[in-house]
Amino acid sequence: MLEVENLRAGYGRVEVLRGVSLGLGQGQIVALLGANGVGKTTFNGVLSGLLEPWEGCVTFEGRALPPGDTRAALDAGLVLVPEGRHIFPNLTVRENLWLGGYRRGRAHRPRNLEQVLAFFPRLAERLAQNAGTMSGGEQQMLAIGRGLMAEPRLLILDEPSLGLSPLLVEEMFALIARLNTSGLTVLLVEQNVRLTLEVAHRGFVMENGAITTSGTAEELLADPDLQRSYLGV
């Protein structure tokens, strides 16, 4: 579904991505793992057209995406839920969700809103509430729901567990697994290695802007180097 070949990108003269290549199959949850500062968010920026790469190609469902073109990425169905949620705090929950379908999914916004609220019943109870007054977990649900309003073919979740309590983190990963069960393909970009690999099918480990390890979730969980570096084993 997604093929990334020899992706190089950075800011100014600073290279962040150093020849990243990976593939993602339809219907999967694929994990992109790594510590802070290794290039994961830069990678997401290139995929979603927010950042133009220096070199390399991104192919989505058999078609090369124009570099640095957010509209082309969104129109193809590649939807990013960014790190930090980036909701509109002074707008209501309903208004935030409605804006998610402003470009892609516009014709089906009433139907999509019903589906999102069925998936996130907590949001249905808070439609008239200003988004900034909700808890962190509810805001993360809203950010994901807003992404779903755009009818994604591939949903990229950047650090969805960031800033959540342990109980809410468990709930968030269960929700991601349910999304995938409904047929949605997910690229899950996370630092929480163990919980991510418990829901993912495959994974890639990024270090210093390059992919250093890849395999099935089971293979990565059993990898002794990964256990030492990320799981404290």
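The values are calculated or read from the model by the stated rules, or taken from the named source; none is laboratory data. Being a predicted model, the structure only gives us computed values, none of them experimental. Here the Cβ positions follow ideal geometry from the backbone for every residue, glycine too, while neighbour counts run over all protein chains shown. Ligands, DNA and RNA are excluded from the accessible area calculation, which covers all protein heavy atoms including side chains. Shrake-Rupley method; radii C 1.70, N 1.55, O 1.52, S 1.80 Å.
Using a Förster distance of 25 angstrom, determine the FRET efficiency expected from the C-beta separation of R178 and D225, and round it to 0.05. Walk me through the intermediate numbers first.
Values: r = 31 Å, r/R0 = 1.26.
So the FRET efficiency works out to roughly 0.20.
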For the chain: Kirkwood Rh in Å [reciprocal of mean 1/r, alpha carbons] = 18.0
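Over the chain, average the accessible area per residue using a 1.4 Å probe and give it in Å², no decimals. Show your work: numbers first, answer last.
Values: 10730 Å² over 233 residues.
So the chain comes to 46 Å² accessible per residue, rounded to a whole number.
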In nm, spacing of pseudo-spin labels at S21 and N90 (7 Å Cα→C-beta vector) | 4.9
How much net charge surrounds S21 when only other residues with a Cβ under 10 Å from its Cβ are counted (Lys, Arg +1; Asp, Glu -1)?
-> -2
Furthest towards positive pole of dipole, G147, V193, N112, structure part the chain, Cβ charges = N112
Using a Gaussian network model of the chain with C-alpha springs under 10 Å, which one of Q26, Q140, Q191 is most mobile by mean-square fluctuation?
-> Q26
Estimated inter-spin distance, L162 and D69, nm [label 7 Å along Cα→Cβ] | 2.8
If you place +1 on the Cβ of every Lys and Arg, -1 on the Cβ of every Asp and Glu, and leave all else neutral, what size is the dipole of the chain about its Cα centre, to the nearest 20 Debye?
-> 740
Work out how much length E207 to A107 would gain on full extension: take 0.36 nm times their residue separation and subtract the Cα-Cα distance, in nm to one decimal.
-> 31.9 nm
Determine the sum of side-chain charges near N36: Lys and Arg each +1, Asp and Glu each -1, restricted to other residues whose C-beta is under 14 angstrom from that of N36.
-> -4
Quick one: with all protein chains in place, what share of the accessible area of the chain is carbon or sulfur, to the nearest percent (1.4 Å probe)?
-> 49
If each K or R counts +1 and each D or E counts -1, the residues other than L187 whose Cβ falls under 15 Å of its Cβ total -3
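Taking every DSSP beta bridge with both residues inside the chain, roughly what % is antiparallel (nearest 5)?
Values: 22 of 40 bridges.
For the chain, the DSSP antiparallel bridge percentage is about 55.
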